[in-house]
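*Asks:* Next up is a structure, given as structure tokens.
The values are calculated or read from the model by the stated rules, or taken from the named source; none is laboratory data. None of the values given here were measured: they were computed from a predicted structure. Here Cβ is always computed from backbone atoms with ideal geometry, including for glycine, and neighbour counts include all displayed protein chains.
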Amino acid sequence: MKPVVIRPTPGTVEYTIVASRNKHYLRLADEDLISLVESGDSGAFAALYDRHSRAAFSLAYRMMGGRQAAEDLVQEVFLRVWRSTGSYKAGRGSVRTWILSIVHHRGVDLLRSAASRRRTQDKVEASAESSQPSEAFSEAWRNTQRDEIRQALGTLPPEQLKILELAYFSGYTHMEIADLLDLPLGTVKGRMRLGLKKIRDYFSSRGMAIPG
């Protein structure tokens with residue numbers, strides 16, 4: 001595991017925590033180390049880290065399922081330990097139990113956040129796919145109404161035309177078009193809707209039917 005790097009607020013001393021070899025700290029109980037850490041003793045913190053980081057990493061790895069995510073979680077947890085030792089209450093359990101509870105709660109938060117992001121992404125992608133050009137429209141382009149649709153496309157503003165071309169003729173999804181053109185997904189979908197409406201209005205004004 002990489003060492004924990006403590007970066008206090010700007011203007012204070014930066015502590016880089018490495019394996020402690022000071023026998024004085026090694027003889028101290030966890031509660032004594034916590035008291036020293038609260039007063040800013042980096043050596044005591046190093047001893048605390050050496051003593052409990054392996055157990056913290058083991059729990060983090062089981063929760064996060066990957067080494068990098070587990071290492072990041074452990075580093076974040078020990079930063080919290082450094083900054084909030086005053087929140088430790090001996091009557092509620094051992095120092096190790098306290099540290100592992102921080103790992104658990106923060107790990108749960110991260111997993112929930114990741115799950116929420118995945119659900120949001122799934123909804124966005126589902127929404128994008130559901131509003132893609134219809135197969136009937138695309139088939140019309142490829143077949144009998146190709147010339148008429150080309151003429152209708154020629155009436156569109158360039159920004160709408162570009163998106164419809166990418167969607168119909170190149171097969172890109174909304175998400176892919178947004179990435180390709182560096183546009184918000186909502187902008188892509190809005191221009192798509194406006195472009196489709198103008199094409200349908202074009203056909204309707206000429207008494208022609210367009211599939212889809």
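*Asks:* Out of all the residues in the range 31-41, which are crowded, with 18+ Cβ neighbours inside 10 Å and either in contact with a strand residue (DSSP E or B) (Cβ under 8 Å, 6 or more places away or on another chain) or in contact (Cβ under 8 Å) with a residue 40 or more places away in the chain (or both)? Give the steps one after another, and end with the answer.
*Replies:* Initially, the range 31-41 is screened for residues crowded, with 18+ Cβ neighbours inside 10 Å, giving 33-34, 36-37.
Within the range 31-41, Leu33, Ile34, Val37 meet the criteria.
*Asks:* Within the range 123-145, is even one residue of a type in the set (Gly, Ala, Ser), at pLDDT 70 or above and surrounded by fewer than 11 Cβ atoms within 10 Å (Cβ to Cβ)?
*Replies:* no
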